[in-house]
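One structure follows; several queries about it will come next.
The values are calculated or read from the model by the stated rules, or taken from the named source; none is laboratory data. As the structure is a computational prediction, the values presented were derived from the model and not from experiment. Cβ placement follows ideal geometry from the backbone for every residue including glycine, while neighbour counts extend to all protein chains displayed.
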Ligand SMILES: C[S@@+](CC[C@H](N)C(=O)[O-])C[C@H]1O[C@@H](n2cnc3c(N)ncnc32)[C@H](O)[C@@H]1O
């Protein structure tokens, strides 16, 4: 029987409130992470003149969202990475009044064992958001070098990254590691009991982020967003992982309070207005009802006139890279 998947949109009321306060009559917007369409459905209800483009890497999610939202006649569905937002927007010939991204996984992906995202149940070691992409978790775990595995595990602050990479490199000599259950058992067998859950969380998250190129997609999304927005547009991002939130924070901060080298003769102009005063968290009531909202950080900015006077491509790219590496 078909399982019925639902996804509770996180901090939905706050997202609507920010958009409502900042925009008069939004007419064109991009939901970069359509998922099962929870946020988009509410955006379309709230703003009757709005036409939305909903992007998702996950064809299965798009099909579900299509069934839910197609009847509105005010949404286009795009199977792609949000890293390509510039070319997607240009194919519609319009600049978005707002851009929204709700990063990470949907409940559909987490709960469907066969997709291999969860360490709670055993499925194929897959973890691809886009099932047509060539790189899966199986490839990384079985064929990447021990050094590469260590780098991947370190990217999610796994303190025993070197040791666990060595363990996996040894274990795979006995045969392919092909399920999430097998990977979990290997990690458990080499981790003190008390630390098992956190270790699995970090390792699974690190592998998933690598499989889906999540950090580099996010960097591309942010730099491209600024290029396609117009003064008055809103960019709003929900992240669930400190590494991702750091990227969003640096990028926004750069525009809210631009820095120039000491003794630089010109006063830099802000090109973002901070709409959330840093990051907002979900309230107690929501976190009780929806555990996914526990780690969310919501940040939003309004694009200012000065954004059109800066050389976005070179300027931001360099400073962003420097910050991400640092
Ligand atoms: C947290 S869910 C979004 C849930 C949605 N807001 C809702 O209320 O139903 C994140 C979605 O973003 C998609 N996604 C993640 N990274 C992506 C990327 N780089 N490009 C396109 N879609 C992406 C995932 O496949 C997933 O469906």
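From the list 96, 159, which residue is assigned to a loop (DSSP other than H, G, I, E, B) and surrounded by fewer than 16 Cβ atoms within 10 Å (Cβ to Cβ)?
When all the criteria are applied, what remains is 159.
So which of 238, 219 is surrounded by fewer than 23 Cβ atoms within 10 Å (Cβ to Cβ) and not assigned by TED's automatic domain parsing to the domain that holds residue 156?
The unique qualifying residue is 219.
Also, I was wondering about something else. Among the candidates 87, 40, which residue alone is free of Cβ contacts under 8 Å to residues at least 12 places away in the same chain and in a helix (DSSP H, G or I)?
Residue meeting the stated conditions: 87.
While we're on this one: Just one of (1) away from the ligand (no atom under 12 Å from the Cβ); (2) touching a helix residue (DSSP H, G or I) at 6+ places or on another chain (Cβ under 8 Å); (3) more than 30 Å from residue 303 (Cβ to Cβ) trips up residue 192, so point out which.
The single condition residue 192 does not satisfy is (2).
Looking at the range 279-292 only, could you name the residues that are at pLDDT 95 or above and under 18 Å from the mean Cα position of the chain (by Cα)?
279, 280, 281, 282
Looking at the range 59-77, which of its residues are in contact with a strand residue (DSSP E or B) (Cβ under 8 Å, 6 or more places away or on another chain) and either within 9 Å of the ligand (Cβ to nearest atom) or assigned by TED's automatic domain parsing to the domain that holds residue 135 (or both)?
Scanning the range 59-77 gives 62, 65.
Name the pairs: first residue in the range 128-143 and closer than 12 Å to residue 60 by Cα, second residue loosely packed, with under 15 Cβ neighbours inside 10 Å, Cβ to Cβ under 7 Å, at least 6 apart or on different chains?
131/59
Ok, one more. Could you list, in sequence order, all residues of the range 1-37 that are assigned to a loop (DSSP other than H, G, I, E, B), within 13 Å of the ligand (Cβ to nearest atom) and crowded, with 18+ Cβ neighbours inside 10 Å?
7, 9, 10, 11, 32, 33, 34, 35, 36, 37
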